[in-house]
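Right, one structure below, let's go through it.
The values are calculated or read from the model by the stated rules, or taken from the named source; none is laboratory data. What you see is a predicted model, and the numbers here were worked out from it, not measured in a lab. Here the Cβ positions follow ideal geometry from the backbone for every residue, glycine too, while neighbour counts run over all protein chains shown. What goes into the accessible areas is simple: the full protein's heavy atoms, side chains included, and nothing from ligands, DNA or RNA. Shrake-Rupley method; radii C 1.70, N 1.55, O 1.52, S 1.80 Å.
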Amino acid sequence: MPVETSELTFVRTKVQRPRLPGDLIPRRRLLERLHAGSHRKLTLISAMAGTGKTTLMAQWLEDSSQPSAWLSLDERDNDRIVFLTYLCGAIRTVFPTGGTIALDLLHAPQTPSGREIMTLIVNELARLLEGPVQEGGRGANGLILALDDYHNITGPAVHEILAGLIEHLPRGVHLALATRTDPQLPLAGWRARREMTEIRSDDLRFTPEEAQIFLERTTDWKLDPETIRLLENQTEGWIVGLRLAALSMRT
């Protein structure tokens, strides 16, 4: 990656998976669904703010045996060159030399089209996943590429690039999106072909059993079933409300 990109404009924390919270409760029912769908092209976690999308996706990657790359998106990533630069940067956290040709072309005087760069990335991912052992000791057991906060992407150019990438993903590569709103991507076609796993707001609500585990762990109190039911109803099972309830009880 060119020096000016890596040192002056490339924010490395955007390609670092966030740390899991200390009060994390394993969401086994959701993790099992995510693991079961990892052979498909796409996982879509679409729900409103504060429902635990980012935490669930990070927990899934932590729990998975597959190598994974992470990218947190913001409004500036609507520029196709910025987006593709960070996408290559995320891939390089798993394959250190991945995306070299694409990065060089992105900073050439005449930049190729987004589709041409996407084709380079697809072909290089296919090459990197060939063979029994890859660079850095990675086995050819696939790659999960996770994009967080995709609702920040509104530009049609990036949507087009990502749609092409998903359509032509090499075998073993899986894309995961966490977003507050459904993206402008051909979701209906992937859904009809059973190429997509979906997690929605209702799925992210804590069950009474999960709420009890969370509240008792964070308060160090043994709570009676009626108290659990009351708090679960008042917070509607959302983790933000449960965390505030636990904090209030402790103080």
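Which residues' amide hydrogens lie under 5 Å from the amide hydrogen of Thr197, considering only partners 5 or more residues apart or on another chain, with H built in the peptide plane?
Amide H neighbours of Thr197: Leu42, Thr43, Leu44.
Would you mind classifying the stretch 44-113 by shape? Square roots of the alpha carbon gyration tensor eigenvalues, ordered a ≥ b ≥ c; an a/c under 1.5 is rounded, otherwise it is prolate if a/b is larger than b/c and oblate if not.
Because a/c hits 1.5 or more and a/b fails to exceed b/c, the stretch 44-113 counts as oblate.
Ranking request for peptides 29-35, 162-168: highest mean number of other beta-carbon atoms within 10 Å first, then the rest in descending order.
In descending order of packing, they fall as 162-168, 29-35.
Rolling a 1.4 Å sphere over the protein heavy atoms, what is the accessible area per residue of the stretch 7-124, to the nearest Å²?
Here the per-residue accessible area is 46 Å².
Full extension from Ser113 to Leu24: what is 0.36 nm times the residue separation minus their Cα-Cα distance, to one decimal in nm?
Additional length available on full extension: 27.8 nm.
By the gyration tensor of its Cα atoms, with a ≥ b ≥ c the square roots of the eigenvalues, what is the shape of the stretch 51-162: rounded for a/c under 1.5, prolate for a/b over b/c, or oblate?
Because a/c hits 1.5 or more and a/b fails to exceed b/c, the stretch 51-162 counts as oblate.
Between Gln16 and His168, what's the calculated FRET efficiency when r is the beta-carbon distance and R0 is 35 Å? Round to 0.05.
Efficiency, rounded to the nearest 0.05: 0.80.
Quickly rank 96-102, 142-148 as a protection proxy: mean count of other C-beta atoms within 10 Å, highest first.
Output ranking for 96-102, 142-148: 142-148, 96-102.
5 Å is the cut-off here: which amide hydrogens, built 1.01 Å from N in the peptide plane, fall below it relative to Leu143, excluding neighbours closer than 5 in sequence?
Here the answer is Val173, His174, since their amide H atoms fall under 5 Å of that of Leu143.
Suppose R0 equals 45 Å; then what is the FRET efficiency for Arg127 and Glu209 from their Cβ-Cβ distance, rounded to the nearest 0.05?
0.50
Carbon and sulfur together cover what percent of the accessible area of the stretch 1-107 at a 1.4 Å probe radius?
Here it works out to 54 percent.
Can you tell me how much longer the chain between Arg33 and Thr100 gets when fully stretched, taken as 0.36 nm per residue apart minus their C-alpha distance, in nm with one decimal?
The Arg33-Thr100 span can extend by a further 20.7 nm.
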